[in-house]
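One structure is given here, and the rest of the page talks about it.
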Amino acid sequence: MALGIVTKRLGNKLFPALSSTSRLLHSHATSFGFKHVNEEEKARMVGDVFTSVAKNYDTMNDLMSAGLHRLWKERLVSMLNPFPGMKHLDVAGGTGDVAFRILDNINRVKQRGLQDGFNDALEAKTQIYVCDINPNMLNVGKQRAAEKGYGEDGSLVWVEGNAESLSFQDDSMDGYTIAFGIRNVTHIEKVLSEAHRVLKHGGRFLCLELSHVSLPIFKELYDLYSFSVIPRIGEMVAGDRESYQYLVESIRRFPPQEKFASMIADAGFQKVEYENLVGGVVAIHSGIKI
Amino acid sequence: MYRTAAKRLLCSARQFNGNAALRFRRHNALITYSRFSTTEINQPFSNPHSIHDAIPISTTEIENPTLYDSTSSSTSSSSTTDEDSHRFESPKSKTKYEDEHARLLSASLVHVMKLGWTETALMAGAKDVGLSPSIVGSLSRKEAALVEFYMDDCLQRLIDKIDTDGSLKNLTPSDCISKLIRFRLEIQAPYISTWPQAPSTQAQPVNVPTSFKQRAMLVDEIWHAAGDNASDLDWYAKRTVLGGIYSTTEIYMLTDGSADFRDTWAFLDARVKDAFDLKKTIQEAQYLAEAVSTGLGNTFEEFVGKVFRR
């Protein structure tokens, strides 16, 4: 997996590239893949997509990424470095993949015997909030949790909500993750500023998202795979070509790594970095709230 | 390498540049400030306990969000000067994450004695300074960062001692070296129970470049204080030998149960003496070799001459 890490610093850009950023954001808010739509409609259309794919979501993920998505999520969670007693918010976490992995990680850490240092922290209960705008995705998640036995001690809380206006209090979360979700929101900057709001001092923001590939030959292969193979698989397995067409188009419309990193910095985060996985097919952006 | 031509101030500044992510802290309690001749904006927040006009260090006040000037700007790269300009333009500046990291690391040192050089200590430190323990995840090479921070702190204290202690000049090199190594090891004596973790963390391949550099600086400082001005091959030999003495003494100290580590200091003196004796021995061996080769050379010439004259 190729690693490309760039550190961006927080800057009050006096002459920010506001014109280009706002144009980009406006175009994100009114784009549904390569189609142009009204802002108000975008959320509904995305909602329809996920309502329809919810049942097969995990299977399709496995097929499209050849199982790699599991490794990407593992990497996300290890970068997060969870600890017992943590309050974590996983946004657009619908089917619970990231949340389950965080819980696994915390339980492993507990077994390693960090208890002595954490006597007071263990009284603070680990709470992972899974927030998703789409109730169908949440239902799938709750089912999976019940099957696998996660969250029986109340450490998992399923919340239906909008990433652009979260119902959580300021400075209440130790960590915030959004995996494969930020591409689908209408207003990226609102999501980022909400993330900044709910995080505590020292809290971390992590975003795992499909991103842009720039390696020459690999890019062509990836484009070919995206536009030819994925919608076909969608058609055959989920019976829904349109949704998967939207998926691959929305990846192309999302800002590239550097641009997204600067947007994160604009929202107030520091030490904004990103790491490319698989040559840029996926990127993990991270930032700290200071 | 580090000290041959430069003055001490430049040297210190370069150290900061090398440890870009870490910041020096002078003695845990003091909060220092750096003032630059250029601008001082919004000083109402400032509470300088001591001002060092020469050494560019800065850390933030724990209570107030203070204005501070960028660190290591005297030998900084262009990226940090960009930040400077950003900061000067905005009336209220924000605390930078590196300072938060520095605060975190120094707060964590307190917990090391109980919890070892581990993530747990870091998280406990984070709670102390009011940061979410998540921030530990953003430190690259977590425990190693803590150890490196501590090593830098110790080195700084050693440098202070060298600066302030005038009696060192009157000692012979071997005594001076003994004294300095002893001082340096005494600094880390409080952590002796958890100490084995620290060098072993530093020995991990990922951490070796930084730890090697820190060790090199330490050895360099000591030799320089002992009055060494060589800049030839001898330079490397001296530092390697001193590095060896330091490491072995440190390891000896780990298993030393005598009061005040008396046995360790005896061991140290013996090693230093050995090293200097070795040096004399090598010199003498060199002279001997030269003499023999000259003699042999003469004999050979005569022999060849006789052969060809025939």
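Details
- Taking the Cα centre of region B:142-275 as reference, the dipole from Cβ charges on Lys and Arg (+1) and Asp and Glu (-1) amounts to some 120 debye.
- Relative contact order of region A:161-290, pairs being alpha-carbon contacts under 8 Å that are 6 or more residues apart, as %: 30
- Solvent-free Debye calculation, one equal scatterer per alpha-carbon of region B:93-139: log10 I(q)/I(0) at 0.16, 0.20, 0.23 Å⁻¹ equals -0.36, -0.54, -0.70.
- Per residue of chain A, the DSSP helices (runs of n ≥ 4 H) give a summed -39500 (n - 2.57) that works out to -13500 deg cm²/dmol at 222 nm.
- Pair B:Val307, A:Arg23: separation of 7 Å Cα→Cβ label points (nm): 8.7
- About its Cα centre, the dipole of chain A is roughly 580 debye, where the only charges are +1 on Lys and Arg Cβ and -1 on Asp and Glu Cβ.
- For region B:142-275, the fraction of C-alpha pairs more than 27 angstrom apart is 16%.
- From most to least packed by mean Cβ count within 10 Å, the peptides A:160-168, A:127-135 give A:127-135, A:160-168.
- A protection proxy built from the mean count of other Cβ atoms within 10 Å ranks the segments A:138-145, A:94-101, B:267-274, most packed first, as A:94-101, A:138-145, B:267-274.
- Table column - 3J(HN,Hα) (Hz), region B:278-286, Karplus curve with 6.51, -1.76, 1.60, x for Gly and Pro: 4, 4, 4, 4, 5, 4, 5, 4, 4
- Pairwise centroid distance, computed over Cα atoms, of region A:143-220 with region B:104-146, Å: 25
- Shielding by partners for peptide B:105-117, expressed as the average number of C-beta atoms from other protein chains within 10 Å of each residue's C-beta, is 1.
- Low-density loop positions, trypsin sites (Lys or Arg not before Pro), region A:251-290 - DSSP coil, at most 14 other Cβ in 10 Å: none
- Between the listed residues B:Ile159, B:Ala259, B:Val292, the Cα displaced farthest toward the positive end of the dipole of region B:159-310, a dipole computed from Cβ unit charges relative to the Cα centre, is found at B:Val292.
- Per residue, the convex hull spanned by the Cα atoms of chain A measures out at 132 cubic angstrom.
- Fluctuation leader among A:Leu89, A:Leu68, A:Leu208 - chain A, Gaussian network, Cα springs under 10 angstrom: A:Leu68
- Neighbouring Cβ atoms from other chains, within 10 Å of the Cβ of residues in A:281-290, number 3 on average.
- Taking a point 7 Å out from the Cα of A:Ser167 in the direction of its Cβ, the residues of region A:131-154 whose backbone N falls within less than 12 Å of it are A:131-133.
- With 28 Å as the limit, the listed pairs A:Lys55/A:Lys289; A:Lys73/B:Lys213; A:Lys125/A:Lys289; A:Lys142/A:Lys259 have A:Lys55/A:Lys289; A:Lys73/B:Lys213; A:Lys142/A:Lys259 beyond it between alpha carbons.
- Computed from label points 7 Å out along Cα-Cβ, the spacing between A:Arg144 and B:Ala259 is 6.6 nm.
Each value in this text was obtained by applying a stated rule to the coordinates, not by laboratory testing. This one's a predicted model, so the numbers in the text were calculated from it and none came from an experiment. Positions of Cβ are backbone-derived with ideal geometry, glycine not excepted, and every protein chain shown enters the neighbour counts.
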